[in-house]
Amino acid sequence: MSAAAQRLPPKRRLSWRQVSTEAQLLLVGIPLLLWTMIPVYHLFLFAISPKDTATSGKLWPDHPTLQNFSIVFHEHHFYLNHFWLQMWNSLLIAVAVAVLTLFIATFAAFAISRLKLPGGRTVMNLALFTYFIPAAFLAVPMYKTMSVYGLLNSQWSLILAMVTIASPYCIWVLKQASDKLPWELDEAARIDGASPLQLFRLVYLPLMVPSLVAVGTYALLLAWNEYLYAFLLLSKDTDITLAVALCNFLSADDSPWELLMATGFIYALPPAAIYYAFKRYMVSGLTAGAVKS
Amino acid sequence: MTAETLAAMPTARPRAKRARNTWVFWGRAMVLPYVAVFLVFVLFPVCYGLWLARHPSSYDKLFDDPIFFRTAVNTLIFIVVAINLKMMVALGLSGFFVQKRWWISVLAVIFIIPWAVPSIPTILSVRFMLNPEWGGINSLIFRLTGVDGPNWLNDPTLALSFSMLMHVWKSLPFWTLILVAGRLAIPGEQYEAASVDGASRWQKFRYITWPAMRSLYLTSTILSMIWTLGDFNSVYLLTGGGPADLTHVLATLGIRYLRLDQVDLAMAAIVVSLPLILPLVFFMMKRLSK
């Protein structure tokens, strides 16, 4: 008791300087929290509000409900007729893009960085150039090209377009990571008579796992989140992804906002979960390159 | 034994050569998928696009379109105002997030949400918030003052400002994260030494933080400019380019021309903007290919 009483005073005696520092930090932190959360909270609020009170402007609905989610899951609305199919499309396309990008980018990074392929630098520069073309600028020519190839309205067009957009950055990140692996490993493997494929499979891949996770997640999320290319390249209701389906709600003035927000909430959850689950890899893998320069 | 060695001798050299050939062969084979993707889905579309924009008359039509001029101005405003605002705030916030407090660590996790979630639901959420009749903001204004709030997205200046804010909201966490990493790379002893010498907070920033971060800040700003040129969603999903096509940026203009079935104009607009973009691209390539 007395010991506690003795310990208290020094804690209480915060200097003015400390108090003002804490106050200044809070003065940044509280507006920052509001700024970050308002659009997200608004989305959530709509998703759990009954139809008639969704627009009342209250900060918490009188009767929060999960009804909207139930309507979405049972596809009980004109806009939601193909909800599950569109969810599946989004998933299928995102996974296909991630797998294809991983294949292409890992092979390319290995050839450039470890096999020291003549002309590898040129390939790297081509990839970097592609990375720096703003995606929206490539959209119109890509659309015309896909129609030349006869791929328009096929999900392959979206998959291939997203692989094109995702792979340059992945190659670059993987090449940066590959360059850091000790060269002695390759020499030892070569002396032991390893073939290039054995070197790739037994030495290279196991060491690259963290970067591969980062890059695969990047490609997966990029494809899942994509709207512009999806909306240009696909048109049938049974082909489109959830992202396009969400924006189709806007085609009418009286669209059911609470259902749109509930669908949007469902659509946003998987990528957010994946992002937070792999945040460690994402942050170290993807910021390392940027910080280096 | 010796006979065997002797017999093996003449073939040793060709075998080494063949081995090197195998490595080159596999190198080429492994880089081939990407080269194929590049040729088929980058080089061909770019050339095809340039070919579509080959007629001088397309450029005459483009320059006669008042929307194009407006779009160019909007894009410049977007890049100059939104990017600089975003990067300066990110630089300031990076100083906030390196402070060691338990609640700042929690806030850092929440702060990433805009970057971690897809942009479409949140942009649509803001769009509804700004709806003049039922939106949350105007409902609140009406409840507090009894006066109807403004029609936010029907005013070109306000609508473009909200698009910029939307863009900042979405990408601020990413750049803050990058700059936090940059700040954490500065050795702490430098600040301690400066404190001993009685340096003010501004002096510490001016003479320690800024010199160490300048290069990263510049790279980030240029990269952000390039990416923002391609930011389609923040404008298209919030304002749709409206009212009266007055809030288009280059990223959305192409889609407008595509809808009007004027693909040559869409490509011409991109060709016209190349002198602005290519220097940025080559600057970044030089930085990153080191």
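The values are calculated or read from the model by the stated rules, or taken from the named source; none is laboratory data. Not measured: the values here are computed from a predicted model. Here the Cβ positions follow ideal geometry from the backbone for every residue, glycine too, while neighbour counts run over all protein chains shown.
Going through A:Ala136, A:Ala111 one at a time, which residue ends up being crowded, with 24+ Cβ neighbours inside 10 Å, under 30 Å from A:Leu185 (Cα atoms) and small (Gly, Ala, Ser)?
Only one candidate passes the filter, namely A:Ala111.
Okay, residues lined up against (1) part of a helix (DSSP H, G or I); (2) touching a residue at least 24 places away in the same chain (Cβ under 8 Å); (3) within 26 Å of the chain's Cα centre (by Cα); (4) more than 30 Å from A:Ala219 (Cβ to Cβ):
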site	(1), (2), (3), (4)
B:Gln99	no, no, no, yes
B:Pro114	yes, yes, yes, no
B:Pro121	yes, no, yes, no
B:Asn131	no, no, no, yes
B:Ser161	yes, no, yes, yes
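Do any helices (runs of 4 or more DSSP H) lying entirely in the stretch A:194-293 carry at least 1 residues that are modelled with pLDDT of 90 or more and polar (S, T, N, Q), and which ones are they?
Passing ranges, in order: A:209-225, A:257-277.
With the requirement that a residue be within 9 Å of another protein chain (Cβ to nearest Cβ), touching a residue at least 24 places away in the same chain (Cβ under 8 Å) and closer than 14 Å to A:Lys144 by Cα, what does the stretch B:260-277 give you?
Listed by number, the residues that qualify are B:Val263, B:Met267.
Select from the stretch A:140-184 the residues that are in contact with an Asp or Glu (Cβ under 9 Å, 6 or more places away or on another chain), part of a helix (DSSP H, G or I) and away from every other protein chain (no Cβ under 11 Å) and write down the one among them that is surrounded by the fewest Cβ atoms within 10 Å (Cβ to Cβ).
Filtering first and then ranking leaves A:Gln155.
Scan the stretch B:51-94 for residues that are touching a residue at least 12 places away in the same chain (Cβ under 8 Å), within 19 Å of B:Val249 (Cβ to Cβ), of a type outside the set (Lys, Arg) and part of a helix (DSSP H, G or I) and report the count.
Qualifying residue count for the region: 16.
From the residues in the stretch A:44-81 that are at pLDDT below 80, assigned to a helix (DSSP H, G or I) and within 14 Å of chain B (Cβ to nearest Cβ), which one is farthest from A:Thr238 (Cα to Cα)?
A:Thr53
Name, by its number, the condition in (1) under 21 Å from B:Met166 (Cβ atoms); (2) under 24 Å from the mean Cα position of the chain (by Cα) that does not hold for B:Gly95.
Every listed condition holds for B:Gly95 apart from (1).
Can you tell me which residue within the stretch B:206-236, out of those that are of a type in the set (Gly, Ala, Ser) and without any contact (Cβ under 8 Å) to a residue 24 or more places away in the chain, is surrounded by the most Cβ atoms within 10 Å (Cβ to Cβ)?
B:Gly230
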